[in-house]
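The values are calculated or read from the model by the stated rules, or taken from the named source; none is laboratory data. In this text the structure is predicted, and so the values were computed from the model without any measurement. Counting neighbours? That spans all protein chains shown, and the Cβs are built from the backbone with ideal geometry, glycine included.
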Amino acid sequence: MSEKPVGASGRVAYMTEPGKMEIREYPLPTELEPGALLLEVLQTNVCGSDIHVFGGHHPLLKRGGLGHEMVGKIIGLGEKVVTDSAGTPVREGDRIVPVYTAVCHACENCDRGVFNHCDHGFDYFGRSDVAPYFHGATFSTHYYLHPNQPFYHVPDAVPDAAAAGANCALSQVLHGLDRADVTVGDVVAIQGAGGLGLFAAAVAKERGARVLVMDRIESRLENARRFGADEVINVDQMPALDDRVAAIQKFAGTQGADVVVEVTGIPDVFAEGISYLRPAGKFVVMGTISPGQTTAFDPGLMVRKSAQILAINRYPPHYLRDSLQFLERFGDKYPFAELSSRNFTLEEAETALDLSAKREIQRAAIVPADR
């Protein structure tokens, strides 16, 4: 069992209420329960869901620590921890990425194999102020990984800046495109060129699809081309829905895209996604995650097109392993490490969230540890 020096402490960026954050200091655990790990956070990213929570749009999370996309270095190992969840040996000093939700293997959903909806998946969220502290949030200098959280060793070839996005954005995209059976020859239209959209473009491209990306920010569309997009549409320059539909049909050479992927989090964008599909197409929805935000929707159009809507929330744990393998294989082809357009200190976490919400930066990274 690893033990930390008595008196050692770390810091957490704690949301006291939506829109307000303060830095709190807590003691590091001196002992770890069997199966647990203590990590030094090397990098953590601002994800769209963090922006939603900080903006007060989550139905339950109104205070507590934020953050879940991260890569960390092992500084403490509980008893029985000798390998990661795939059987790869681990030791102190290794870099790992954790699945940010827990998997109890005992609830109704786990029994059905729906591990991404474990009834206890969020037991630790918003509770970083409760001993052993540093759990359920990565906007902090340290992270306590519980025994029921899967985790995976980061290959040496994958830099921190790329690995930090694996345990949310890339894993979710892999899950979503698997559900849609994206394959060679498909036309995939992606609504949004943030982190999820760029990952989706690269994954779809490597599966042999032709990829079109839509956004209203030109710099994001330029990035989309670097991540595999064959065509882009600036929606501000093509404001009429009918014109965008016609452009997608022209690109596809058919009556529309085989797969549309929504990753904006804007309800009105979701409402128009069905319009871009060809008959019997699939609509993968990953961005619209905040309950209570509504939009007008045409169910008749969905039925007339025989469209499938695939709502993707989180991912089964093995997709995190697959994400690291994808980054290792294609790290030289796509600029994954450049996705984080600006680094912030832990004390600047609130600024990072605000600028991300305003879409003034592509993707914010927080490098919190005292190194």
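Filter region 71-94 for residues that are out of contact with any helix residue (DSSP H, G or I) (no Cβ under 7 Å at 6 or more places or on another chain) and not in a loop (DSSP other than H, G, I, E, B); which is surrounded by the fewest Cβ atoms within 10 Å (Cβ to Cβ)? Filtering region 71-94 for residues that are out of contact with any helix residue (DSSP H, G or I) (no Cβ under 7 Å at 6 or more places or on another chain) and not in a loop (DSSP other than H, G, I, E, B), the one surrounded by the fewest Cβ atoms within 10 Å (Cβ to Cβ) comes out as P89.
Checking region 330-338 against the condition returns a match, with at least one residue being part of a loop (DSSP other than H, G, I, E, B) and either crowded, with 19+ Cβ neighbours inside 10 Å or in contact with a Gly (Cβ under 8 Å, 6 or more places away or on another chain) (or both).
Restricting attention to region 272-317, the residues that are more than 27 Å from the chain's Cα centre (by Cα) and surrounded by 12 or more Cβ atoms within 10 Å (Cβ to Cβ) total 5.
When restricted to residues that are surrounded by 23 or more Cβ atoms within 10 Å (Cβ to Cβ) and either charged (D, E, K, R) or in contact with a helix residue (DSSP H, G or I) (Cβ under 6 Å, 6 or more places away or on another chain) (or both), region 183-197 contains 8.
Selection of region 336-358 for residues being at pLDDT below 90 and in contact with a Lys or Arg (Cβ under 8 Å, 6 or more places away or on another chain) yields L339, S340, S341, S356.
For region 226-240, the criterion of being in a strand (DSSP E or B), farther than 19 Å from D186 by Cβ and modelled with pLDDT of 95 or more is met by at least one residue. What is the number of the single condition among (1) touching a residue at least 24 places away in the same chain (Cβ under 8 Å); (2) part of a loop (DSSP other than H, G, I, E, B); (3) within 25 Å of A365 (Cβ to Cβ) that V97 does not meet? Against the list (1) touching a residue at least 24 places away in the same chain (Cβ under 8 Å); (2) part of a loop (DSSP other than H, G, I, E, B); (3) within 25 Å of A365 (Cβ to Cβ), V97 comes up short only on (2). Evaluation of A201 against the conditions (1) in contact (Cβ under 8 Å) with a residue 12 or more places away in the chain; (2) part of a loop (DSSP other than H, G, I, E, B) shows that the sole unmet condition is (2). Taking the numbered list (1) of a type in the set (S, T, N, Q); (2) modelled with pLDDT under 95; (3) more than 30 Å from T30 (Cα to Cα) in turn, Q191 passes all entries but (2).
Anything in region 13-37 that is over 26 Å from A337 (Cβ atoms) and not in a loop (DSSP other than H, G, I, E, B)? List them, or say none.
Y14, M15, T16, E17, K20, M21, E22, I23, R24, E25, Y26, P27
For the residues T351, T294, T288, the requirement of being under 30 Å from G56 (Cβ atoms), among the polar types (S, T, N, Q) and either assigned to a helix (DSSP H, G or I) or in the same structural domain as F115 (by TED's automatic domain parsing) (or both) singles out T351.
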